[in-house]
Amino acid sequence: MFRKMIKHLVNNAGLKVLSILLSVVLWMVVVKLADPDMTKTFSVSVDILNKDVVAEMGKVPDVVGETDIAVFYITGPRSYVEKMNGDDFNVTADLSQLDLRQDGDTKLVPIEISARKYDRYITINQRTVNLQITLEDLSEQKFVITAETTGTPAEGCAIGDVEVTPNLLNISGPESVVSRISRVSATINVDGVSDDVSDNVVPVLYDEDNKPITSDLLEMNQSAVTIRANILGTKSVPIRCQVSGTPAEGYEYRGLEYAPDSVLIKGEAEVLNSIGAINIPEDVINIDGAKEESEVSIDIKPYLAEAGVSLVDDTANQIAVRVLIEQKETKVFNIPVEKIQVTGLNRDYELSYSGSSVPVSVRALKEYMDTLEIGSISAALDVTDLEPGSHTIELTITLPGEQFEQTETVRVQITIEDKNAEPETEQDETQENAGGSEDEEDNGNGNDRNGNNSDSADRSTRDSN
């Protein structure tokens, strides 16, 4: 009986199939219990394909919002799902599938997501289905790359020429983005360096507010450029300047004041060693006819360039120069006639003056005039070859230094008489009186004038004293 039952079960095909199905179900239940399903969410950037299709139309796609970030989740056995990350998926939007017949400015491009592994065991469910874009005019511009540095070189060193190769960058992209680009720069770090340095860097785009511009829609013909910085020596040198011309009469040039009076320059060592000062040509400052102090601002860059050097601080190129002009004082000194040194007088002659003193006008700066005394002024009179009679002769005045100047010529009236001459007879005097009474009257008037001159000289002496 038992054998008959066993034989019936073994030879029953339906039971065999049922047993297999039950085994599979049991295996699946066991697997599910051991490796249950789980869900995991991802946010992955969309890779936009075939942009050239839009570029051929003179357009460029501009993503609306954050629709270029695809959000999706996967479901599958824990053992597979836990091992997957965003890099395990291909997330693309193919612009060749763009339908330009869509209404409105915003166009939809389907987003396709596929797993690079375990695709047989997981299910992908998209939350972001389409990439939303607008088509904007394509713009292309060229920019000169500006070289910039950060940091401070080693002590005693300065930054020389900084060059970028290549220095021209072609940028294409949406007009709204390209139009915002104000400048492009490449930066190299020179902190603590004492020798020339170079580096490969990525150019950075900036807007008018000096804020960086980044966009995946921009394309550049150079992803990186080479920047080189030349490191030079430094030296502090004084400023030297001369003037041309002469101040107005009665004024004196006292010198120059500089601010700053020295500058820090940079250059090659052999050039720096040959420079002792920065000399500004005298024709830069002309004081012809000057009557007062003045200030002038001088740009020293041209003179540095001639010497083969430049400023460490490029903004310190203006030197303020003050030209010192001072007015002189004028004072009259009455020199007593007995102080006049006479030379060339014949031994047989004697000399007399028409007055008791001679006025001498002297001009000098106040600081010198305050120290000038009448005793330091000498006067000399040369009467060589002069015959007896009345004479008006120029007096030679010697002042105690070049800081003093005589403002006008001094002339003195003298009378020379022969000590050995015979006295005139009464007859001669009578004839002279008879023949020239009118002349005698005129001579009397002349004596009055001489007397007045003498009084005037006496008054000058009193005034001076």
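Readers should treat all values here as calculations from the given coordinates under stated rules, not as data from a laboratory. Just so we're clear, the structure is a prediction, and the values are computed from it rather than from any experiment. Because the Cβ atoms are built from the backbone with ideal geometry, glycine has one as well, and the counts that use them run over all protein chains shown.
Just so you know, in the stretch 308-351 the residues that are free of Cβ contacts under 8 Å to residues at least 12 places away in the same chain and farther than 30 Å from Lys419 by Cα include one that is surrounded by the fewest Cβ atoms within 10 Å (Cβ to Cβ), and it is Thr315. Restricting the stretch 195-222 to residues that are assigned to a loop (DSSP other than H, G, I, E, B) and among the acidic types (Asp, Glu), the residue that is farthest from Ile265 (Cα to Cα) is Asp216. Filtering Tyr206, Tyr258 for residues that are closer than 23 Å to Asn279 by Cβ and touching a Pro at 6+ places or on another chain (Cβ under 9 Å) leaves a single hit, Tyr258.
Listed by position, the strands (runs of 3 or more DSSP E) contained in the stretch 223-291 that have at least 2 residues being among the small types (Gly, Ala, Ser) are 225-241, 251-259, 262-267. Summed over the stretch 36-73, residues that are β-branched (Val, Ile, Thr), out of contact with any helix residue (DSSP H, G or I) (no Cβ under 6 Å at 6 or more places or on another chain) and in a strand (DSSP E or B) total 7.
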